[in-house]
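Heads up, the thing below is written out as structure tokens.
Quick note: the coordinates plus some simple rules give every number you see, no bench work behind them. Since this is a predicted model, take the numbers as computed values, not measurements. FYI the Cβ positions are ideal-geometry reconstructions off the backbone, even for glycines, and counts take in every protein chain you see.
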Amino acid sequence: MIEFTKMHGNGNDFVVFDEFRRMLVPEEEKPAFVKAVCNRRFGVGGDGAIFVQPSEVADARFRYFNSDGSEAMCGNGIRCFARLVVEEGYTAKKFRVETLAGVKEVWVSIEDGDYWVKVDMGKPLFEPEKIPVTGGKFNGVWHDTFDVLGGECEVYAVNTGVPHAVVFVDSLDVDMHEARKIRYSKKFPEGVNVNFSRILSEEEVEVRTYERGVEGETLSCGTGSVAVVAVASRLGLMNSKAEVRTKGGILRIEINDSSFMTGKAVRVFDGVLKEI
């Protein structure tokens, strides 16, 4: 029997396993295990799974797997991770966490009973080879024209821990399956997450995200929210400090030399796996 915690960050939901003191799932079995656990009909259900582990280079180690078993970085996931390690007494409210995208600094605060987590997400990478992406044009932001949403759309790209494509639209009433034309484009050798974005003002934007690994829309994407503000501010369309409205709630994003994401982390319930 394996204990777990169900958590979510703005509706982006995860099954969390605490391996800080002992390993629960052998490393070689984690991908298959995650696929089974995240199945919404035959498992617990989730967009992904998180493993809390000790670290030799930081205060704790964040391991995140998409629901298809692929390992990645996840902004909403790291907030949930942060709440758990603070609640369990493994770290102070300000700590450093080892991730697949390097060591990140995290701050946890409690406001009226809600856990808010601020994460230093690192510097957005705009260079095509660091996204990675091929072809297209680059004038500070990589971009190219794609035939999506019934016409030609300009698509921009940036890496905010994982590759992201950003498409600015007039309406978010879109068929999210259209994102697959970008997600599986040969221009993105490692695939890409796709964000359809509607700018409301210089300090506010709405976003819908199709996530690789989940292979569908999620209610919120932390790295995607950072990507949208990073691209929009570099293009002069928005300020570098803005609120991102997702289906699951609001994220506060600030782009300086680094990028910072702030949002809630919710602990829904604890449980025990008996068979999977």
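Meeting the requirement of 3 or more residues that are among the aliphatic types (A, V, I, L, M), the strands (runs of 3 or more DSSP E) wholly within the stretch 4-75 are 48-53.
Would you confirm, using the coordinates I've provided, whether Gly191 is closer than 24 Å to Glu111 by Cβ, in contact with a Lys or Arg (Cβ under 7 Å, 6 or more places away or on another chain) and touching a residue at least 24 places away in the same chain (Cβ under 8 Å)? Break it down stepwise before answering.
On the way: closer than 24 Å to Glu111 by Cβ: no; in contact with a Lys or Arg (Cβ under 7 Å, 6 or more places away or on another chain): yes; touching a residue at least 24 places away in the same chain (Cβ under 8 Å): yes.
No.
Among residues of the stretch 77-104 that are of a type in the set (Gly, Ala, Ser), those with a beta-carbon under 6 Å from a residue that is surrounded by 15 or more Cβ atoms within 10 Å (Cβ to Cβ) at least six positions away or on a different chain give the pairs Gly77/Phe14; Gly77/Ile50; Gly77/Tyr64; Ala82/Val106; Ala82/Val108; Ala82/Val117; Ala101/Met73; Ala101/Gly161.
Scanning the stretch 232-276 for residues being in a strand (DSSP E or B), in contact (Cβ under 8 Å) with a residue 40 or more places away in the chain and acidic (Asp, Glu) gives a total of 2. Looking at the structure I just gave you, is Ala227 touching a His at 6+ places or on another chain (Cβ under 7 Å), in contact (Cβ under 8 Å) with a residue 12 or more places away in the chain and not aromatic (Phe, Trp, Tyr)? Answer is yes for this residue.
When only residues in the stretch 106-118 that are more than 9 Å from Ala82 (Cα to Cα) and in contact (Cβ under 8 Å) with a residue 40 or more places away in the chain count, which is farthest from the chain's Cα centre (by Cα)?
Asp114
Residues that are in contact (Cβ under 8 Å) with a residue 60 or more places away in the chain and not hydroxyl-bearing (Ser, Thr, Tyr): does the stretch 168-183 have at least one? Within the stretch 168-183, one or more residues are in contact (Cβ under 8 Å) with a residue 60 or more places away in the chain and not hydroxyl-bearing (Ser, Thr, Tyr).
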